[in-house]
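Colleague: I have a structure here, written as structure tokens, and I will follow up with some questions on it.
The values are calculated or read from the model by the stated rules, or taken from the named source; none is laboratory data. Computed from a predicted structure; not experimentally measured. Backbone-built Cβ (ideal geometry, glycine too); neighbour counts: all protein chains shown.
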Amino acid sequence: MPNCSGKKFLFVVVKRDRNKVAELIESKQLVIVGDATLESNLQKAGVEHAAGLASCLPDDADNVYVVLTARGINEKLHIVARAVEEEAEPKLIRAGASRVVAPIIIGSQSMARALLKPAIADFMDSIVAENMDLVFEEVPVRSGSPFTDKCLKDINLRAELDVIIVAIRRKDGEMRFQPSGDTVLKDGDLLIVIGKAEAVKKLVEACE
């Protein structure tokens, strides 16, 4: 699974129904045919050392159980869980989910946006469909990066790469939207950027 920086991420699928993962199996992807709610299968999938987990089972109770089990195995795991019913969201958060996605709510919001703000809806759809060759990306600022301890106005990413910094998330979780040119980048900052895929790739490489 590549991202705009060209890196590939190893993933494992845990699914009870073999027929639904037949194509993945044929393409030699890592698949465990079994119950994702079983701790043994999560351990086989490597949850203990994984960076993230997506629990998207069709039943909220099963997703709560997967989240609870996975969080018990790996305290640092970034967990995204699906909520079929809106009422399940707080339960999933309490179980240990880092973020909860409710497709029904997202779908309703998308319909409202398409009706009331069609130009914005078209723009967002174009980004998702990659029709405009624009991508959003998270770019970490690490120790030793050429951007560390420098002001945004001094590195001038807009002029150099035509990349826009939409926001900066500080190490303590603070989110700064549309940061000014006087903002100093620190080790541990996470840049939320938008730009052409090739330009964003160059920015990622420059920060490494």
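Colleague: Does at least one position in the stretch 158-165 carry a residue that is surrounded by 11 or more Cβ atoms within 10 Å (Cβ to Cβ), modelled with pLDDT under 85 and within 30 Å of Asn63 (Cβ to Cβ)?
Modeller: Taking every residue of the stretch 158-165 in turn, none turns out to be surrounded by 11 or more Cβ atoms within 10 Å (Cβ to Cβ), modelled with pLDDT under 85 and within 30 Å of Asn63 (Cβ to Cβ).
Colleague: Which ones in the stretch 35-50 are over 12 Å from Val12 (Cα atoms) and assigned to a loop (DSSP other than H, G, I, E, B)?
Modeller: Hits for the stretch 35-50 are Asp35, Thr37, Leu38.
Colleague: Here is a further query. What is the number of the single condition among (1) within 23 Å of Glu208 (Cα to Cα); (2) without any contact (Cβ under 8 Å) to a residue 40 or more places away in the chain; (3) of a type outside the set (Asp, Glu); (4) surrounded by 13 or more Cβ atoms within 10 Å (Cβ to Cβ) that Lys171 does not meet?
Modeller: Failed condition: (4).
Colleague: Within the stretch 53-61, is there a residue that is in a helix (DSSP H, G or I) and within 18 Å of the chain's Cα centre (by Cα)?
Modeller: no
Colleague: Could you tell me how many of the residues in the stretch 166-208 are basic (Lys, Arg), at pLDDT below 90 and closer than 27 Å to Ser98 by Cα? Quick ask: steps written out before the conclusion?
Modeller: So in the stretch 166-208, the residues basic (Lys, Arg) come out as 169-171, 176, 186, 196, 201-202.
With the extra rule that they be at pLDDT below 90, the set shrinks to 171, 196, 201-202.
Applying the additional criterion that residues be closer than 27 Å to Ser98 by Cα yields 171, 201.
Final tally of qualifying residues: 2.
Colleague: Let me confirm something: among Glu48, Glu26, which residue is in contact with a helix residue (DSSP H, G or I) (Cβ under 6 Å, 6 or more places away or on another chain), exposed (fewer than 15 other Cβ atoms within 10 Å of the Cβ) and farther than 29 Å from Val135 by Cα?
Modeller: Values: Glu26 fails: in contact with a helix residue (DSSP H, G or I) (Cβ under 6 Å, 6 or more places away or on another chain).
One residue alone meets the criteria, Glu48.
Colleague: Does at least one position in the stretch 177-184 carry a residue that is loosely packed, with under 12 Cβ neighbours inside 10 Å and in contact with a Gly (Cβ under 8 Å, 6 or more places away or on another chain)?
Modeller: No, the stretch 177-184 has no match at all.
Colleague: Turning to a different aspect of this structure: Limited to the stretch 159-168, what total is found for residues that are closer than 13 Å to Ser180 by Cβ and either in contact with a Lys or Arg (Cβ under 7 Å, 6 or more places away or on another chain) or in a helix (DSSP H, G or I) (or both)?
Modeller: Count: 2.
Colleague: Scan the stretch 142-157 and tell me whether some residue there is within 29 Å of Pro58 (Cα to Cα), at pLDDT below 85 and outside any strand (DSSP E or B).
Modeller: no
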